[in-house]
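Engineer: Dropping a structure here in C-alpha cells format, bear with me for questions.
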Amino acid sequence: MMKLACLTGLLLAGLAMTAPAQQAWVRETNLANGMIYDIPLSATGGSFIPPLPISEDGNIFELFARGTAWDTNVYLLDTKLIRAYTPTASFEIVSEDTYVRGDPTSANYVKRTRADRPYRLKMKTSGLVWGSNNPAENSVYFSFQGRNYDPQSYSGLGKELYMLHEGNLGNVNLTLYPLYHELTSTMRSTGCGEQVFTFVRYAADGVPDTVLAQPKLQVWPVPSVTIENITAGKVYIDRLPAVIFNFKDLYPDSRTYAQIYSGNAVLGKKGTMVGGTERRVGKYYNPDTTLESADVPQTLSITVNALSNYTATDGVYTLEVLTESPFFNRAPERLKVITFEVDRIISSRGKLSTAEEGAAPGL
C-alpha cells in the first residue's frame, strides 16, 4: 500500500550529490500513538523499511539534512503523509431459510429465498482513507447483478449476468430491510435465478483489481398447483374421477400434500390427507435419508384414483393443497382450494325412476 521507494527518491533528489554520510535522516511519526523514530540515510540515498507500523491515521515522514561546509543548520527539505489502508468488506445475507452453501466466513457463499419473501442485507466496509484523492484508498467498488435461471431446469448455465446497481462505497456499516428480489421476471412470484453482490478493491501499487467478497442469493419461484378432472361448485352424482395434481416449483425444503374435509373451505382447518399426494423435499423433512437432498425446486404430476373413498356420505367437500417450508415458521400455506358436492341420492333416484318406467307396461 506504500510507495516508500518512490518517497525516498523524491525526498533525496536534491541531496544525493551534496549531503555527507550521516548528514541526512528521515523522521517517522506515527499519528495514532505519537511514536517517533529517526532513520539515518546515506549520502547516495536509497530505499528503507519504516520501523514503525503505518496506522490508519497515517505516519508523517520528514526529510532533514544539515548544511554543508560552514553551514551547520538543520533543514526540513520535504514532508509526506503516508496512510495505511487495508480495505475489507463483510456482507451478510439473512433469509428466513437458514440454508447456506459454502463458508459464510469467507464472504463467498450462497444463500436462498423464495421470490415473494423479504431478505435482509448487512453490509460493512472498512480500512478506507476518507478524503484521499486515490480511488483505491477512499472507496471500494460495489455491484449488484442478476442472472435468470432456466425455468425448467433451474440452471444458470449459459445465462449472462446483468447489472442492477453499482457504485463506490466508503467506510459504511448498513443494514437494509426489507428487500425483495429484483430479477427481471414477468411477475415477482415467478422470479427464478440468482443475485450476485460483488465488492472489489481498486488496483493500486501493482496489485490488480481484487474481489474482496462475492456472496450470492438464489431466488426460487413461489410453488403452485393445478388440479385436473374436478371442478369447483360441481355436483358429482357418481364415483369421483381420477384426479391429477400438477405440482410446480415445490421449494427445495418443503412438504406439500392434498387434504380433504367435509364442508365449505375454512382456512387453517385440518382435514384428512389424500394418500399418495405428500411430497417431502430436503433434509428437514427427510431427516433419516442418506440420499443427496435436492437443491432446486421440484415439478411433478400425481394421479389419485380413489378420491371417492374420502367422500363416503353425500354433502359438500373441500379439497385443498397445502405446502410447508421455512417461511412463516413452516406453517401450512394454501396453494389451491376446490369445494364441490357429492349427491349420490340424485343418481339413485334417477336409476330407480328409470327402472320403474321400464317395469310399468308389465303391471
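The values are calculated or read from the model by the stated rules, or taken from the named source; none is laboratory data. Predicted model only: the values in this text are computed from it and were never measured. All Cβ positions, glycine included, derive from the backbone under ideal geometry; neighbour counts span all protein chains shown.
Engineer: With respect to Arg188, determine if the residue is touching a His at 6+ places or on another chain (Cβ under 8 Å) and either surrounded by fewer than 17 Cβ atoms within 10 Å (Cβ to Cβ) or of a type in the set (Ser, Thr, Tyr) (or both).
Structural biologist: It is true that Arg188 is touching a His at 6+ places or on another chain (Cβ under 8 Å) and either surrounded by fewer than 17 Cβ atoms within 10 Å (Cβ to Cβ) or of a type in the set (Ser, Thr, Tyr) (or both).
Engineer: In addition: Might you check whether a residue that is of a type in the set (Lys, Arg) and either surrounded by fewer than 17 Cβ atoms within 10 Å (Cβ to Cβ) or free of Cβ contacts under 8 Å to residues at least 12 places away in the same chain (or both) occurs anywhere in segment 103-116?
Structural biologist: Scanning segment 103-116 turns up no residue that is of a type in the set (Lys, Arg) and either surrounded by fewer than 17 Cβ atoms within 10 Å (Cβ to Cβ) or free of Cβ contacts under 8 Å to residues at least 12 places away in the same chain (or both).
Let's see how each residue does on (1) assigned by TED's automatic domain parsing to the domain that holds Asn229; (2) assigned to a loop (DSSP other than H, G, I, E, B); (3) more than 13 Å from Tyr257 (Cβ to Cβ):
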residue: Gly268; (1), (2), (3): yes, yes, yes
residue: Arg280; (1), (2), (3): yes, no, no
residue: Thr313; (1), (2), (3): yes, yes, yes
residue: Tyr317; (1), (2), (3): yes, no, yes
residue: Asn329; (1), (2), (3): yes, no, yes
residue: Ile338; (1), (2), (3): yes, no, yes
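Engineer: Is one or more of the residues making up segment 320-331 over 14 Å from Asp97 (Cβ atoms) and of a type in the set (Phe, Trp, Tyr)?
Structural biologist: No, segment 320-331 has no match at all.
Engineer: Within segment 176-186, does at least one residue satisfy the condition of being out of contact with any Ser or Thr (no Cβ under 6 Å at 6 or more places or on another chain), modelled with pLDDT under 95 and in a loop (DSSP other than H, G, I, E, B)?
Structural biologist: yes
Engineer: Let me ask you something else. Can you pull out the strands (runs of 3 or more DSSP E) entirely within segment 203-263 that have at least 3 residues that are within 31 Å of the chain's Cα centre (by Cα) and closer than 30 Å to Arg280 by Cβ?
Structural biologist: In segment 203-263, 216-220, 224-228, 243-250, 254-262 are the strands (runs of 3 or more DSSP E) which contain 3 or more residues that are within 31 Å of the chain's Cα centre (by Cα) and closer than 30 Å to Arg280 by Cβ.
Engineer: Listed residues Tyr162, Tyr154; which is hydroxyl-bearing (Ser, Thr, Tyr), within 30 Å of Ser325 (Cβ to Cβ) and without any contact (Cβ under 8 Å) to a residue 60 or more places away in the chain?
Structural biologist: Tyr162
Engineer: Follow-up. Go through (1) small (Gly, Ala, Ser); (2) surrounded by fewer than 18 Cβ atoms within 10 Å (Cβ to Cβ); (3) more than 21 Å from Pro151 (Cα to Cα) for Ala258 and report which single condition fails.
Structural biologist: Among (1) small (Gly, Ala, Ser); (2) surrounded by fewer than 18 Cβ atoms within 10 Å (Cβ to Cβ); (3) more than 21 Å from Pro151 (Cα to Cα), Ala258 violates only (2).
Engineer: What tally of residues in segment 297-312 results from selecting those that are in contact (Cβ under 8 Å) with a residue 40 or more places away in the chain and out of contact with any Ser or Thr (no Cβ under 8 Å at 6 or more places or on another chain)?
Structural biologist: Result for segment 297-312: 10.
Engineer: Assess whether Leu164 counts as being in contact with a Gly (Cβ under 8 Å, 6 or more places away or on another chain) and not in a loop (DSSP other than H, G, I, E, B).
Structural biologist: It is true that Leu164 is in contact with a Gly (Cβ under 8 Å, 6 or more places away or on another chain) and not in a loop (DSSP other than H, G, I, E, B).
Engineer: Part of a helix (DSSP H, G or I) and of a type outside the set (Gly, Ala, Ser), is that true of Glu194?
Structural biologist: In short, no.
Engineer: Could you list, in sequence order, all residues of segment 262-302 that are hydroxyl-bearing (Ser, Thr, Tyr) and surrounded by 17 or more Cβ atoms within 10 Å (Cβ to Cβ)?
Structural biologist: Thr277, Tyr284, Tyr285
Engineer: Would you check if Gln195 is under 24 Å from Asn148 (Cα atoms) and either without any contact (Cβ under 8 Å) to a residue 40 or more places away in the chain or touching a Leu at 6+ places or on another chain (Cβ under 6 Å) (or both)?
Structural biologist: Yes; evaluated as a whole, the condition is true for this residue.
Engineer: Out of the residues in segment 29-83 that are among the acidic types (Asp, Glu) and either in contact with a Gly (Cβ under 9 Å, 6 or more places away or on another chain) or outside any loop (DSSP other than H, G, I, E, B) (or both), state the one that is surrounded by the fewest Cβ atoms within 10 Å (Cβ to Cβ).
Structural biologist: For segment 29-83, the residue satisfying everything is Asp38.
Engineer: Separate question: Do you know which residues across segment 176-193 are more than 19 Å from Lys248 (Cα to Cα) and either of a type in the set (Phe, Trp, Tyr) or within 14 Å of the chain's Cα centre (by Cα) (or both)?
Structural biologist: Leu176, Tyr177, Pro178, Leu179, Tyr180, His181, Glu182, Leu183
Engineer: Let me ask something else. Can you tell me which residues in segment 202-239 are over 27 Å from Ser189 (Cβ atoms), surrounded by 19 or more Cβ atoms within 10 Å (Cβ to Cβ) and modelled with pLDDT of 95 or more?
Structural biologist: Tyr236
Engineer: Now for a separate question. Does segment 131-175 hold any residues that are of a type in the set (A, V, I, L, M, F, W, C) and within 21 Å of Val207 (Cα to Cα), and which are they?
Structural biologist: Ala136, Val140, Phe142, Leu169
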